[in-house]
1. Among residues belonging to the range 12-43 that are in a loop (DSSP other than H, G, I, E, B) and hydrophobic (A, V, I, L, M, F, W, C), point out the one that is least open to solvent (accessible area, probe 1.4 Å).
2. Taking only the range 100-135 into account, find how many residues are open to solvent by 60 Å² or more (accessible area, probe 1.4 Å) and part of a helix (DSSP H, G or I).
3. Going through the range 39-95 one residue at a time, which ones are touching a helix residue (DSSP H, G or I) at 6+ places or on another chain (Cβ under 8 Å), charged (D, E, K, R) and modelled with pLDDT of 80 or more?
Amino acid sequence: MEHSDWYSEYSRTISHKMFVFMPDSGRMLEKLEAIPGVILAGTVDCEKDEAGNIKRRYDSTVYRVQDTENGQAYYFVGEYLTPLAVIQDMESGQEAGLSTDAHAKQVSWLYRRLEEILNHEHAHELNGTWRLFRHDNSPKKISDISRQLVELIKEDIEEDSA
């Protein structure tokens, strides 16, 4: 983020962490912009030598969310955790026949396991670069997600400035 155009223009209103969306239901919306208050703002990309690839290119989507109290816009990079799509397909597919209860257990296991991996001592280069965002995306709670995002982004900004 620090090397992108986004940083120079929005440094006081952008989280420097990747938000990894983990809905409790395990069911992903088609796009993050389907969350009320979340708007596609653009992309940010970087190149990094990794996994034997020289200058491997990474593109991430930047989203905007607005604080309803003061109107301030905040920005974050986010995406769904890709394995959730597999769990979602297993629940709906006849071959796997994953029950709703088993589905919920798999989502919880995946969340805990990912947290363990990201917090592992050998993943120190990832410290401070991510935020698992577990949330309730049920119809009754989906409108709360943007408010939760604003609060988390504000926390990240405060941590970065401290």
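The values are calculated or read from the model by the stated rules, or taken from the named source; none is laboratory data. Note that the structure is predicted; figures quoted are calculated from it, not measured. Heads up, the Cβs are rebuilt from the backbone with ideal geometry, glycines too, and the neighbour counts pull from every protein chain shown. Heads up: the accessible areas ignore ligands, DNA and RNA and are worked out on the full protein's heavy atoms, side chains in. Shrake-Rupley method; radii C 1.70, N 1.55, O 1.52, S 1.80 Å.
1. Filtering the range 12-43 down to residues in a loop (DSSP other than H, G, I, E, B) leaves 12-13, 24-31, 35-37.
When the remaining residues are screened for being hydrophobic (A, V, I, L, M, F, W, C), the result is 28-29, 35.
Values: Met28: 47, Leu29: 48, Ile35: 2 Å².
Filtering the range 12-43 for residues that are in a loop (DSSP other than H, G, I, E, B) and hydrophobic (A, V, I, L, M, F, W, C), the one least open to solvent (accessible area, probe 1.4 Å) comes out as Ile35.
2. Summing the residues that are open to solvent by 60 Å² or more (accessible area, probe 1.4 Å) and part of a helix (DSSP H, G or I) in the range 100-135 gives 16.
3. Asp67, Glu79
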